[in-house]
Structure formats: C-alpha cells, structure tokens
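The values are calculated or read from the model by the stated rules, or taken from the named source; none is laboratory data. Quick caveat: nothing in here was measured; it's all calculated off a predicted structure. Here the Cβ positions follow ideal geometry from the backbone for every residue, glycine too, while neighbour counts run over all protein chains shown.
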Amino acid sequence: MSPRIKQSIPLTSDDPTARVALTVNGERVERTVSVRMLLSDFLRHELGLTGTHVGCEHGVCGCCTVQIDGSAARSCLTLAVQADGTSVKTIESVAQPDGTLHPVQQAFQDCHGLQCGFCTPGMVMNIVSRFEEETPLDLSDEAIREMLSGNLCRCTGYLNIIAAVRRAAELAGRA
Amino acid sequence: MKPSVFDYASPTTLDEAVALLAGHDGAMILAGGQSLLPSMNFRLAAPSLLIDLKRIDALRGIVVADGEIRVRAMARHRELELDAAAHRANPLIRAVMAHVAHVPIRNRGTVVGSLCHADAAAEMPLVLTLLDGTVVARSAAGERVIPAADFFLFHMTTSRTAEEIVVEARFPALAAGAGWAFNEFTRRHGDYAIAAVGAVVRLGPDGRASEVRLAACGVSSRPVRLAAAEAALVGTSLDAAELEAAGQAAEGAVTAADDMHATAAYRRHLLATLVKRTVAEAAARSSGRAH
C-alpha cells in the first residue's frame, strides 16, 4: 500500500536556526537561516543570486566557487552560519554595473572559454581571486593548469580556458 | 546531499568549546569544514551538535619558535603554505602542501582539521609522522601532548578522546644540513595519494647517510614510517643498489587491500619506486645545503 497523501505539509521547518549578518557583493544582508543551510543554497535560495552554480556538493567540481573575505572558497563546503560576519562576493559582482565585463569574463568570451557555461561562474571566481592575490602572476602552462585544477569543465577540453587566462592577463595589463 | 539536522554553537572561548564537547554525545568540532562538510553532505557524518571554533581568537595563527612550527587549530592550509617563517624553518611543508587538494580548498581547510580527520592517504598526517611532530589536545582535565606515532591509529581514527579538542599541531624545524623531498602518485592533481613518500636525509662528513627518515601515506590504514627502509639506508652511501634494496625493504609497509584505485601489488611497486626517487632527491638537497 502506498503511503497516505498528507492533508498538508508544514510551512515552517523545525530546524535549529541562527541569525546571520554578512556583506554580499557589497550589500549588507541579514537573515535567519537553518544552521544546516549551505552557503551555496543561501546565496541561491535566500538571496536569489543564482549565478553561483551547484554541481557536486562535495567540493570536487568547483562550480560553486565564490570569494569569502577576498579568497576563493567552495560555497557548498561552507555553512551559511560560517559566513556570518564575512564579506562574500559572487559572480554577480564581477562585471561593472553598466555591464562592462571583467577582463576575465571578456577573455572567456574572446577565447571561447565556455560552451554550456555551467562551470564558468566558479572558474571566473577562482581566476579573479588568483589574479587579485598573486603578484607576479605565473602564466606558464603548468601554473595555469594548476590554477584551474580545482574546477571541472566537461565541454571545452580546457585548452580555450587556459588561453582565456592568458588573454585575461593581457586585458588586465598583467601579462 | 544536504547535511542532516544538527544544533550549532560558536563559542568565543576554548573553555566553552571544551565544556560543550564534553556535555553533548555526538558533538563534533568544526574548523574549516573541508573534510567534515562533504561527509555531512553525504550524511556519513551526522553530528548532534556542531561546535564551530571560528570565534575563538586563541586558536588562530602560526608561531615559529624554539625549533618548531606551531599551527593553531584555526590556521588554514593556505596560511601555513604561504608563511615565510614556517618555510624558512622547514621547506618540506610548502612543497607537500601543493599536493593538498586545490587552492580554494586550502583557503578554508585547516591543517589541524586535516590531521584530526586522519585520512590514511592524506599528506599532512604523513608530514607530522615523518618529522615526529606532535599535537596538543585540550579537555577539562587539561592539555596533553600526543606524538604523531601515537596519534594516528587507523582510517579516520586518532587517539583523540571524545572530550578532547586538538588546539595545536607542532611540526619540528628541519635540522641544519638536512635534505628533504616529497613525491606523490595520483591519477589527478589534488587527489588523495595512491601512494606518497616523504624523506629527510642527513649526510655525515664521509658522505654516508647519518640519518634517514621515511614516511608514506596511502599504503596502509594510517601514515607509516618506513623503518625497514630507513634501517637499510643509514650508514650507506645511497648508491643505486642500496636504494634498490631500501625500496624492496619498504614494500612490507603496504597493508592496503586491492581497491578501485590500485592493487596491493601495484602499491608495493609504487612505494619502492617512490622511496628510491625521494631518498635520492633528499640526499641531493642535503649535499647542497651542507656546502
């Protein structure tokens, strides 16, 4: 016998909750969240920032990469409560408000560094972080491959992404 | 792929954290979460209470003093990797850390968390074992210092008791004149090791090895010192035949069963090759430092 159809489902959860206050893309955000909510789900479901993609949810694919206090991090391996008090940046903050693309985004377009685009937000957030953190930039093949090693792409075969990193360095005056 | 329900606490003092841990069956400690969160997403770990150490200022930072590198519980992998004083004290550590997952993971994951997670194929437990480092565990009863040899017991199992929080790991500095090397075999960059070997070698004035330390991960249920290979090499000139013999002596350390990554026979072959290669590289650096 199949389980009986419930007459109503609860509209609220019994999960323990906590208040979080953080900065997201420069904007102050305060919410009450389930303590088990992942930062990736917080960004997508609570804030509507669906540019952060969720692939594997165990830290392998890199699609959910965002910046936490300026450093690239997996939002699927971070609880929203862990991000309390931090400054988070997502892909939505990367282009200029007038739509002008960031050099890394422009380079992905120039070099055909994406096809389906699912991995791209994580790729871009990771590369942008490395551009911001590393002086000088090592643009050897080996270093670029290492830079991209935590982000999986199933379309491009990576070569165009490697080219895009070099192109981005040119566009940003870092080559 | 979502964690099961748990309670959450983020105390501001270590004493509070210790009391919370002692007072709750099934409580777990959260530092960087880069091993724990995947386990929780898969529901392999389901803590009743998660005690987040992030607000405890006393657990931050890295101190290099008195011949050792003291890594506090909330120090991220990337902090240790980029720490100039730690690199001067022991250059082996930065070289190994390049193999620990990827930069975005190292930005969040902690060294002490990795040691406590105790994956038998993880790199940092190997380093602590190789260097005869220690961890400091705190409970209501006080602090105790646990040598690496007594800390790692089995897959994901350490001698930390349920009431203890590991507050610090201590990695000894490299002795003057010592050479070091690390080699790992994986299918993909950033993966856990199928087999990895670390070595520290010192040469005497006669050019013979006066000290050889060897440790491996990925080949057993915990990181292991390769005592038979060490004994085979001390006092020798580390020539090709002696390295070959040491590689064969190391093979006995492989206790891992055949798995999806490699057969035991393949791991024995890998381990012998890595031992030869790693000792030779460490010896070359040792000579370089001595001159």
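For region A:69-90, taking the residues that are of a type in the set (G, A, S) and more than 9 Å from chain B (Cβ to nearest Cβ), the one that is farthest from A:D15 (Cα to Cα) is identified as A:G70. Of the residues B:R187, B:R160, B:R213, B:R208, the single one that is under 22 Å from B:A264 (Cα atoms) and of a type outside the set (D, E) is B:R187.
When the residues of region A:1-31 are filtered to those that are loosely packed, with under 10 Cβ neighbours inside 10 Å and touching a strand residue (DSSP E or B) at 6+ places or on another chain (Cβ under 9 Å), the one that is farthest from A:E46 (Cα to Cα) is A:G26. Hey, can you tell me all the residues within region B:187-200 that are farther than 15 Å from B:T129 by Cβ and away from chain A (no Cβ under 11 Å)? Once the filter is applied, which keeps residues that are farther than 15 Å from B:T129 by Cβ and away from chain A (no Cβ under 11 Å), region B:187-200 yields B:R187, B:Y192, B:I194. Among the candidates B:A250, B:A256, B:A227, which residue alone is under 23 Å from B:V127 (Cα atoms), surrounded by fewer than 16 Cβ atoms within 10 Å (Cβ to Cβ) and not basic (K, R)? Just one listed residue meets the conditions, B:A227. Taking the criterion of being touching a Pro at 6+ places or on another chain (Cβ under 8 Å) and of a type in the set (S, T, N, Q), the only residue of region A:72-108 that qualifies is A:T90.
Where helices (runs of 4 or more DSSP H) sit wholly within region B:176-291, those with at least 1 residues that are in contact (Cβ under 8 Å) with a residue 60 or more places away in the chain and not assigned by TED's automatic domain parsing to the domain that holds B:S35 occupy B:264-290.
The lone criterion from (1) touching a residue at least 60 places away in the same chain (Cβ under 8 Å); (2) away from chain B (no Cβ under 14 Å); (3) part of a loop (DSSP other than H, G, I, E, B) left unmet by A:L152 is number (2). For B:A240, the conditions (1) touching a helix residue (DSSP H, G or I) at 6+ places or on another chain (Cβ under 6 Å); (2) among the aliphatic types (A, V, I, L, M); (3) under 20 Å from B:L270 (Cβ atoms) are fulfilled apart from (1).
Within region B:46-67, being in a loop (DSSP other than H, G, I, E, B) and either basic (K, R) or farther than 14 Å from B:M28 by Cβ (or both) holds for B:K54, B:R55, B:I56, B:R60, B:G61, B:D66, B:G67. When we screen B:R94, B:R60, B:R43 for residues that are under 27 Å from B:A199 (Cα atoms) and of a type in the set (D, E, K, R), the only hit is B:R94.
Looking only at residues of region A:121-140 that are within 13 Å of another protein chain (Cβ to nearest Cβ) and surrounded by fewer than 19 Cβ atoms within 10 Å (Cβ to Cβ), we find that the one that is farthest from A:K89 (Cα to Cα) is A:D138. The residues of region B:99-121 that are more than 11 Å from every other protein chain (Cβ to nearest Cβ) and closer than 20 Å to A:G70 by Cβ amount to a single one, B:T110. Looking across region B:19-45, the residues that are in contact with a helix residue (DSSP H, G or I) (Cβ under 7 Å, 6 or more places away or on another chain), assigned to a loop (DSSP other than H, G, I, E, B) and more than 7 Å from chain A (Cβ to nearest Cβ) come down to B:A31, B:G32, B:S35, B:A45. The residues listed here are B:R213, B:R267; of these, the one that is touching a helix residue (DSSP H, G or I) at 6+ places or on another chain (Cβ under 8 Å) and among the basic types (K, R) is B:R213.
Quick check, is B:R277 under 10 Å from B:A181 (Cα atoms), of a type in the set (K, R) and modelled with pLDDT of 95 or more? Yes; evaluated as a whole, the condition is true for this residue. Can you tell me which residue is surrounded by the most Cβ atoms within 10 Å (Cβ to Cβ) among those in region B:5-18 that are facing chain A (nearest Cβ under 9 Å) and touching a Pro at 6+ places or on another chain (Cβ under 9 Å)? Filtering first and then ranking leaves B:F6.
Against the criterion of being within 13 Å of chain B (Cβ to nearest Cβ) and among the aliphatic types (A, V, I, L, M), A:V20 qualifies.
For the residues A:V124, A:V104, the requirement of being in contact (Cβ under 8 Å) with a residue 60 or more places away in the chain and over 30 Å from B:D7 (Cα atoms) singles out A:V104.
Output the residues belonging to region B:74-98 that are more than 11 Å from every other protein chain (Cβ to nearest Cβ) and in a loop (DSSP other than H, G, I, E, B). Across region B:74-98, the qualifying residues are B:M74, B:A75, B:D83, B:N90. Taking region B:141-164 as the range and being touching a helix residue (DSSP H, G or I) at 6+ places or on another chain (Cβ under 6 Å) and either part of a strand (DSSP E or B) or surrounded by fewer than 17 Cβ atoms within 10 Å (Cβ to Cβ) (or both) as the test, the residues that pass are B:F152, B:T158, B:S159, B:E163. Applying the criterion of being within 30 Å of B:P11 (Cβ to Cβ) and without any contact (Cβ under 8 Å) to a residue 40 or more places away in the chain to the residues of region A:64-101, the residue that is surrounded by the most Cβ atoms within 10 Å (Cβ to Cβ) is A:R74. Of the residues contained in region A:2-24, none is found to be at positive phi and not β-branched (V, I, T).
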